[in-house]
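A.B. asks: This is the structure I have questions about; it appears just below.
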Amino acid sequence: MDPHTAGGFATRSPPTPMKNTFGHFSSDGREYVITEATRPPRAQINFLWNEKLISGVNQFGSGEGIFNDRTLLYNDPRGRVDAIRDGRRYFYVRDEDTGDVWNTGWFPTKVEGADYRATVGLGYSKYDIAYRGVEIGSKVFLAPDEPVEIWEFTVTNTGDAARKLRVLPYVEWLLLGYPTFSSKYSYYQSTFDPESRAVLSWNTSDERPHERYSGFVATDGEVKSWCGGRRQFLGPYGTVERPDGLKAEELASEEAWCEDLAGSLSIAVEVAPGETEKVTVLIGLFSTEEEKDRLISKILPAAYREKAFAGLLALKDDMIDRVLVDTPDERMNILTNIWAKQQTVLCAEFGRDGARGFRDTLQDAWGMAVFHPELAREKIIETLRHQCADGHCIRGWMPLQEHHYSDGPVWIVLAVLAYVKETGDLGLLDEEVAYLDGGADTVFGHMLLGMRHLSEDTGDHDLVRAHAGDWNDSLNWMGKNGVGESVWTSIGLYYALDVMLDFLCRKRPEEEALIDEVTRRRDRIREAVQTKGWDGNWYLAGWSDFGNPVGSEENREGSIFLNSQTWAVLADLAQGERRDQCLEAIDARLESDHGSLTLAPAYTERDENVGRVTMLLPGMYENGTPYCHSTAFKIAADLHAGRADKALESFHKVMPDSEAHPSAVSGVEPYAYTNQYLGPDNGRAGASLSGWITGTAGWMFRVVVEYFLGVRPDYDGFRIRPCLPSTWPGASLERTIRGKRYAIRIEREGEGYAIRVNGRPLEGDFVPYSG
Ligand code: GLC
């Protein structure tokens, strides 16, 4: 379904391309076409993934990400393992008659005179190159359930003479994992398997961390020659720009032994004038001969590949269709309807660079509950397995990160109850889930235990102890001795208890003792935050192990932190004059051209009271940056406080390829939120280092649907409380909630809004599910 025409929305012309950019969205918004591939200041990544593999492809079809290379990561529970070296996965083309050599993805030969473009899709990428009378289209996507990339090529002869070509995939394998006391070369070997038309690269070490430690490059085309190593293909002194191996008519067909592995094949493609030939290449990971045979024979047939690709598109249709917004801001529509969803699912399934984070996965699940409730449920359960039997939560898993961050329990309540409101699936609360260190309880039990644990684990100021930190990973010294306290986690605890209380009062009113208990706990932490978490003009970030305030006016650096202010507003702890003070403090001290700063002034001196954040370069990560994830909290707080225009202004600062942040300058992919822009005190202020992997996506999605448009599911119905920017005459939203489709139209009327739900005017703000 076209998100612009869905449900009777007015038909739109293709979205207006931004000025000063290097590409454009397709008219349905589902693809981004990069027409000037060398203009972006950094690689433009697309992610393809399944349970077993994460594959990063840039605008040249290879993997260099500049900041973080993520080409083919094998997804093992003990951690991700790099399969390919430096993103080196290239497809060369050689004209047998002229000796011309180029790449189907233009890079790295970078031939002059080629007409080239890359297309980024949802779970696939396409590349088109026209060069000297030959047009080659490539498409890459993953087998849905196997660690295999599928590359399909169409080769068209646009001239009038027959062309004799070779297509040559070249993959530099890393296949890391070998005993540290011996070199990887002890175990590296490549062989050729004529039956499977595959070159196999083996890491034969027995002490490798997981079983899939070998890689293949296979084809359905006619293999004329092959190579097993880097040396054989590039030559001992050759380069990927000009591989020596392509000077000869055929590759050396030589195995690699105890040297850098690379799989390459020379595939014959002869094309008559005006004709098109097809060839497929698989790049995969395997552990045994049998597995390699099974994978290649399963995935290579056209019928399998066609079905896999159609299945991918159908999945995305479903994801997109569940909720569609139509605001006057077409970029906001495309990001919300399509790309933020894709990004949130990636984040939930991949995790982050280090691991799957406890807080991260729950925030992704919270975002996803709206458009992918099944996955949200699964992720909630997976996350809860990483809570300990005393209620505290570890930082992450895959691989295990056992640091005790204080914020975990807060996110449990917010994610679980948002999911229940969305779906009505009260059964989730009764699911039994194990604790990490033994024992088990229901999901509700996990929630309650987390709340009890936090409200008991308080320090000298009756605030929650910070331990390794809170949402802020780098606030890791504030409470490392078990004394320091976090104001943010305390605010989060108040908020979560309030949300839990609302659930109990409405869905389990008979549990009077529990209601009393939760009320007491909530009121106690509120009192502590309001008295000992308040600095006079804004909320503190916390108290350190040494009894010093963090995020206080008395601190020369880091004298104010953003999250404490935004969450106090969101949780309604800051009301009336206090709310004004918090918002004024944000506007006056934390606003920048690139977004709202995590803290100010940025640290330049190491501070034992605070943590790693004081050692990060100014304007990097949490140290005084426009961190998009926390700017999204700020946007939600603005909208909660009725500041729609401020919220829109901040939204545009976070939004990729906006007027404030053209991608041609910042480098961020126009279709993915970035985690941060470097801050004003950084030499590269405004630059985005990486896209995709950030909790920003789930939050920006929710901010549009639940805060701008104000459509919020509740237990027995949903509420509509819009907060539209003054420049918007209205907005629409179409979505399925609990199996029923709703079309909602919001229009300004006087000081308020006229709202229609499925054509009928709405009285008040509540739509019962039974209605
Ligand atoms: C990273 C982490 C996230 C954390 C944030 C701030 O984005 O993945 O868990 O909240 O940094 O420290």
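A.B. asks: Note down, for segment 267-425, the three equivalent ellipsoid semi-axes (square root of 5 times each alpha carbon gyration tensor eigenvalue), biggest first, whole angstrom.
C.D. replies: Over the Cα atoms of segment 267-425, the semi-axes work out to 38, 24, 14 Å.
A.B. asks: Hey, another quick one. May I ask you to list the residues of segment 144-158 whose amide nitrogen lies under 17 Å from a point 7 Å from Cα along the Cα→beta-carbon direction of Ala130?
C.D. replies: Those under the cut-off are 154-158.
A.B. asks: Same structure, new question: Output needed: percent of Cα pairs per 20 Å distance bin for the chain, bins running from 0 to the one holding the longest distance.
C.D. replies: Binned Cα distances yield the sequence 16, 46, 30, 7, 0.
A.B. asks: At a threshold of 8 angstrom on Cα-Cα distance, excluding pairs fewer than six apart, so keeping six or more, what relative contact order does the chain reach in percent?
C.D. replies: 9 percent
A.B. asks: Looking only at Cα atoms, what is the convex hull volume of segment 315-379 per residue, in Å³?
C.D. replies: It comes to 84 Å³ per residue, whole-number rounded.
A.B. asks: In what sequence, highest mean first, do 391-399, 503-511 appear when ranked by Cβ atoms within 10 angstrom?
C.D. replies: Order by mean packing, descending: 391-399, 503-511.
A.B. asks: Using the basic label-point model (7 angstrom from Cα toward the beta carbon), what is the Leu514 to Glu749 distance in nanometres?
C.D. replies: If labels sit at Leu514 and Glu749, their model points lie 4.1 nm apart.
A.B. asks: Can I ask one more? Could you work out how far apart the two model spin labels at Glu222 and Asp76 are, taking each label as a point 7 Å from the Cα in the direction of the beta carbon, and quote it in nm?
C.D. replies: Here the modelled spin labels are 4.0 nm apart.
A.B. asks: Mind pulling the per residue volume of the convex hull built on the Cα atoms of segment 288-332? Å³ is fine.
C.D. replies: Convex hull of Cα atoms, per residue: 113 Å³.
A.B. asks: How do the peptides 562-569, 99-106, 513-520 rank, highest first, by the average count of neighbouring beta carbon atoms within 10 Å per residue?
C.D. replies: Taking the mean over residues of other Cβ atoms within 10 Å, the ranking is 562-569, 99-106, 513-520.
A.B. asks: To the nearest 0.05, what FRET efficiency results for Arg684 and Lys19 with a Förster distance of 22 Å applied to their C-beta separation?
C.D. replies: Efficiency computed from Cβ-Cβ geometry: 0.45.
A.B. asks: Using a cut-off of 14 Å between beta-carbons, work out the net charge of the residues near Ser297 (Lys and Arg +1, Asp and Glu -1, Ser297 not included).
C.D. replies: -3
A.B. asks: How far apart, in nm, are the 7 Å Cα→Cβ label points at Arg606 and Gln575?
C.D. replies: Simple spin-label model gives 4.6 nm for this pair.
A.B. asks: How large a share of the accessible area of segment 683-730, in percent, is made up of carbon and sulfur atoms when the probe is 1.4 Å and the other protein chains stay in place?
C.D. replies: Summing carbon and sulfur atoms, their accessible area is 45 percent of the total for segment 683-730.
A.B. asks: Same structure again: Enumerate by residue number the trypsin sites (Lys or Arg not before Pro) in segment 522-574 meeting two conditions: DSSP loop (anything except H, G, I, E, B), and at most 12 other Cβ atoms within 10 Å of the site's Cβ.
C.D. replies: Arg556
A.B. asks: Subtracting the Cα-Cα distance from 0.36 nm times the residue separation, let me have the gained length for Glu382 to Ala161 in nm, one decimal.
C.D. replies: That works out to 73.7 nm of additional length.
A.B. asks: Consider a paramagnetic label point 7 Å from the Cα of Arg506 along Cα→Cβ; state which residues of segment 697-724 have an amide N under 12 Å from it.
C.D. replies: 712-720, by backbone N distance to the label point.
A.B. asks: Between Glu250 and Asn758, what is 0.36 nm times their sequence separation minus the Cα-Cα distance? Round to one decimal in nm.
C.D. replies: Gain on stretching Glu250 to Asn758: 176.3 nm.
A.B. asks: What trypsin sites (Lys or Arg not before Pro) does segment 571-608 have in DSSP loop regions with at most 15 other beta carbons within 10 Å?
C.D. replies: Filter output for segment 571-608: Arg606.
A.B. asks: What number comes out for the charge environment of Glu669, summing +1 per Lys or Arg and -1 per Asp or Glu over other residues with Cβ under 12 Å away?
C.D. replies: Its environment carries a net charge of 0.
A.B. asks: Quick one: compute the contact order of segment 303-413, relative version, from alpha carbon pairs under 8 angstrom and 6+ residues apart, as a percent.
C.D. replies: 20 percent
A.B. asks: Which far-off residues, 5 or more places away or on another chain, put their amide H under 5 Å from the one on Ser125, with H placed in the peptide plane?
C.D. replies: Val140
A.B. asks: A further question on this structure: Semi-axes of segment 578-677's equivalent ellipsoid from the Cα gyration tensor, sqrt of 5 times each eigenvalue, largest first, rounded to whole Å?
C.D. replies: Semi-axes (√(5λ), whole Å): 22, 20, 10.
A.B. asks: Highest first, please rank the peptides 317-323, 411-417 by the mean number of other Cβ atoms sitting within 10 Å of their residues.
C.D. replies: Top of the packing list down: 411-417, 317-323.
A.B. asks: What are the residues whose amide H is under 5 Å from the amide H of Asp716, where those residues sit 5 or more places off or on another chain and H is modelled from the backbone?
C.D. replies: none
A.B. asks: Quote the convex hull volume per residue of segment 218-345, based on C-alpha atoms, as a whole number of Å³.
C.D. replies: Taking only Cα atoms, segment 218-345 has a hull volume of 225 Å³ per residue.
The values are calculated or read from the model by the stated rules, or taken from the named source; none is laboratory data. Given the structure is predicted, the values throughout are model-derived calculations rather than measurements. Cβ sites come from the backbone with ideal geometry, for glycine too, and all protein chains shown count toward neighbours. All accessible areas refer to the heavy atoms of the entire protein, side chains included, with ligands and DNA or RNA removed. Shrake-Rupley method; radii C 1.70, N 1.55, O 1.52, S 1.80 Å.
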